[in-house]
Structures are given as C-alpha cells and as structure tokens.
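Please read the structure below before turning to the comments.
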Amino acid sequence: MALGSGSDFAELLDALAQLGESQQRLRELRILLTRTMADDGGGLLGLLGPTTRAALAASLADPSRVSEDLIDSLHCAVHDVNEQVGTVPFVRLQLFLAPIVESCRRLLGEDASPPDVFLPGLNSVAAQAYVLAARCAFETRDDGASRAFYAAATTAAGAVGAPWRRAMVHMSHALVTLYSAPGLAPAQRLVDAAVRDAKAGESVTVRARAHALQAELAARAGGARHAHAALSLARYDLDRCRNDDPSSSMTGFSAAHLRGSEGVTALYTGDPSEAHAYFARSAASLSTSRERVQRAIVLTDQAAARIRMGDPQGAAALLHDCVDTAVSTGGRVAFLRLRQARRDLRPWRREDFAARLDDHMIDALGV
C-alpha cells in the first residue's frame, strides 16, 4: 500500500478535490487509510509514494540529487504521521517515521553534500521529523532516545534560520521534560529559551503558545502574578494571529488550547471553579481525532478541578473517558495524569464510583 506523493491514492485525492469534495472529508479519508495500513502491520514506506521512494534512493546514493520535490514529499510524509496522533498508537507512528528520520540523518550527515540551496528545507523537515520522533520515544517510555532526538531537532531547527522553529522544538521538549525530569527547573529553562526564540521570530502563533506555556510553568511554581502576566501576553498574541502566519500549518495552537492553559493557571493559583469552566470549554472545542490526546489531558485537569471543588464522583466520571484514550493511543502523559488523579481520589477509595474507576483502569491498563 502506498499513500504518499506520486501514488494512485494521491491522484485519487487530487481528483476528488477537483470534483468538489471538501478538504475535511479528504483529510478524514487519508487518516482512515493510514490507520488501516497501520492495523494491517504495513506502512514502513507506505507514506512515501513510489516516485518519492525512487527519488529518495537516488539522493541517498548521491546527495547532490536532492530536489525541492523530494523535500516537499518528505514534509508531506511527516505531516501525515503527525495527523495520526490520537488515532494510531505511538509505537506504530515510530515505524512510519523511521525511514524519514534515517533519511534526514544521512542526507545531513558529515559525509553528505546536498546542494546548499536545499539545506534550509532539509533542516526544516529534519527538525519536524526529529521532534515527532522525540515525542513518540517519550510516549513509549524511551527517555534517552527522546533526549537525543530533541538535541538533533534543536540543531536542525537552528540551521533553518527562523528562530520560531527552534522555539517550537523547545516547547515540545519542555512539555516532555515536565513529565520525565524531577522538579520544574529543567522545563523552565526550556520554556525561557522558547520565549526568547519566539520573540525573535516572525510567528505570532508560536509567540502566543510560548507565553501560554510560560504561564502554566509559572502557575505550577506558585507565581500567580507572573502567570497572569504571561497569559495576558498570550491572549494579545493570539488575537493578532493571521492565516498567513508562517507556522499556521504546524502549530495547531488555538483559542481552545489557550483555554487549557488558562485552566491550568487558575487551578494552580487557587480558583478551581474558574479552572473547571476553562477546562470544560477547552475539552468541548477539542473534537478532532488529532486532538484526542490533548482532550484527554484537559479532562484529567478538569477532574482535578472537580476534586478540589468537592465533587469526587463527577471527577471519576470524567476519568473513564481518559482511560479509554490512554489505552487507544498509548499516550504516556494521559496515563501519568490519570495516576495523579487517582491518587487525589484516595480519600474516597471505598466508594462505589472509585471502585468502578479502579476496575476500569485495571481491565484496560493493567495497573
């Protein structure tokens, strides 16, 4: 099965688009076929169409043959893998990424000499591929590989010459570090670096996301004033975002995501009812398959707010949905948030609603 550029499927999508089919329906069809390919156990090269495979093989043998078309095809392949987050387990996404990551590593190696004009494009696709590989490695509990991929992504993004790209790497790395390293200091250093790069870059959307993450870290550290100041900057930046923002096809940061950051800030600065309202609005807006992992995280935060509001039974009801998402995606963060929420429910461990949640988690997760 081949779904990449130059494949019969790509031609079919183009024909359907010209016949008037909506981009959303075409996206759903592509996601369905990719998931089917993953379920059948194939797909190592499935996202690279026959034309791309031939061009890639020629370029690996002779890097001087790298072309703009090849770089565009690799970008599309990375985008396709990223679109599967939330629908395909992370361990399978690693298989999709493997040939792209290895190709980027070889084409940018010391022994390779692709044309200088294509180096920014190659570094751009490499940075995206390495970040996604780092995320997948983290989600599958391989922290050493994750750190190595983030280091490679930082180097590649820095070579592109657009600071906002490196800011995106720092933000992803910060979120992973928050859950894999003790204390807030390591994640805080990465967030500070992300804010510096975002301010120096041209993407207002990336700047908004960096300020939102800065607010979350400040709130967790107890700095309410600093957190609310960062949130104000994030709102200001988001209001100024345009469709032609250079990161518009990559960040996915929206008002729904900002509401999640507003909820975290309220949760850690002492107003659980306000936090609950933010989380509820955010979860309702995160409806696409790509947003399932983020929605599960928001729901666990909403459950934490309900516990602090004195509604443990309502919190347990929310967590059942999170259990199902954690199982289907293999997401580590959702599981970690679930474990913390279950700890918060310990005072009610003898209640029926807590026992039902325990049974669900044992049956689904084996914990």
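Taken together, the criteria place residue 95 among residues that are under 19 Å from residue 56 (Cβ atoms), crowded, with 17+ Cβ neighbours inside 10 Å and at pLDDT below 95. Restrict the check to region 109-125 and report whether at least one residue is in a helix (DSSP H, G or I), open to solvent by 60 Å² or more (accessible area, probe 1.4 Å) and over 23 Å from residue 207 (Cα atoms). Yes, the conditions are met somewhere in region 109-125. Looking only at region 18-28, residues that are under 23 Å from residue 71 (Cα atoms) and surrounded by 12 or more Cβ atoms within 10 Å (Cβ to Cβ) come to 2 in all. Against the definition (closer than 23 Å to residue 85 by Cα, in a helix (DSSP H, G or I) and open to solvent by less than 40 Å² (accessible area, probe 1.4 Å)), how does residue 267 come out, yes or no? Here the answer is no, as residue 267 does not meet what is asked. If the condition is being closer than 25 Å to residue 67 by Cα, in a helix (DSSP H, G or I) and among the hydrophobic types (A, V, I, L, M, F, W, C), then region 88-108 contributes 95, 96, 97, 98, 100, 101, 104, 107.
If the condition is being among the β-branched types (Val, Ile, Thr) and either touching a Ser or Thr at 6+ places or on another chain (Cβ under 6 Å) or crowded, with 24+ Cβ neighbours inside 10 Å (or both), then region 178-225 contributes 191, 205, 206.
Determine if region 240-247 includes at least one residue that is buried (at least 21 other Cβ atoms within 10 Å of the Cβ) and under 25 Å from residue 139 (Cα atoms). Yes, because at least one residue in region 240-247 is buried (at least 21 other Cβ atoms within 10 Å of the Cβ) and under 25 Å from residue 139 (Cα atoms). So is residue 235 open to solvent by 50 Å² or more (accessible area, probe 1.4 Å), out of contact with any strand residue (DSSP E or B) (no Cβ under 7 Å at 6 or more places or on another chain), charged (D, E, K, R) and at pLDDT 90 or above or not? Judged against the criteria, residue 235 is a match.
Listed by position, the helices (runs of 4 or more DSSP H) inside region 275-359 whose residues that are under 21 Å from the mean Cα position of the chain (by Cα) and among the hydroxyl-bearing types (Ser, Thr, Tyr) number at least 3 are 312-329. Only residues that are modelled with pLDDT under 90 and not β-branched (Val, Ile, Thr): list them for region 74-92, please. Residues satisfying the conditions are 76, 77, 79, 80, 82, 83, 84, 86, 89, 90, 92.
Here residue 291 passes the criteria (1) within 19 Å of residue 85 (Cα to Cα); (2) in contact with a Phe, Trp or Tyr (Cβ under 6 Å, 6 or more places away or on another chain) except the one numbered (2). Scanning region 59-101 for residues that are touching a helix residue (DSSP H, G or I) at 6+ places or on another chain (Cβ under 9 Å) and charged (D, E, K, R), we see that the one that is nearest to residue 328 (Cα to Cα) is 92. Output the residue which, of all residues in region 154-208 that are in contact with a His (Cβ under 6 Å, 6 or more places away or on another chain) and small (Gly, Ala, Ser), is nearest to residue 236 (Cα to Cα). Of everything passing the filter in region 154-208, 194 is nearest to residue 236 (Cα to Cα). Pairs are defined by a Cβ separation below 9 Å, a sequence spacing of at least 6 or placement on different chains, a first member in region 301-313 that is open to solvent by less than 60 Å² (accessible area, probe 1.4 Å), and a second member that is of a type in the set (S, T, N, Q) and in a helix (DSSP H, G or I); the pairs so defined are 301/282; 302/282; 304/340; 305/273; 306/313.
The values are calculated or read from the model by the stated rules, or taken from the named source; none is laboratory data. Here the structure is a predicted model, which means the values were calculated and not measured. Using ideal geometry, Cβ is built from the backbone for each residue, glycine included, and neighbour counts are taken over all protein chains shown. The accessibility values were calculated without ligands, DNA or RNA, using every heavy atom of the protein model including side chains. Shrake-Rupley method; radii C 1.70, N 1.55, O 1.52, S 1.80 Å.
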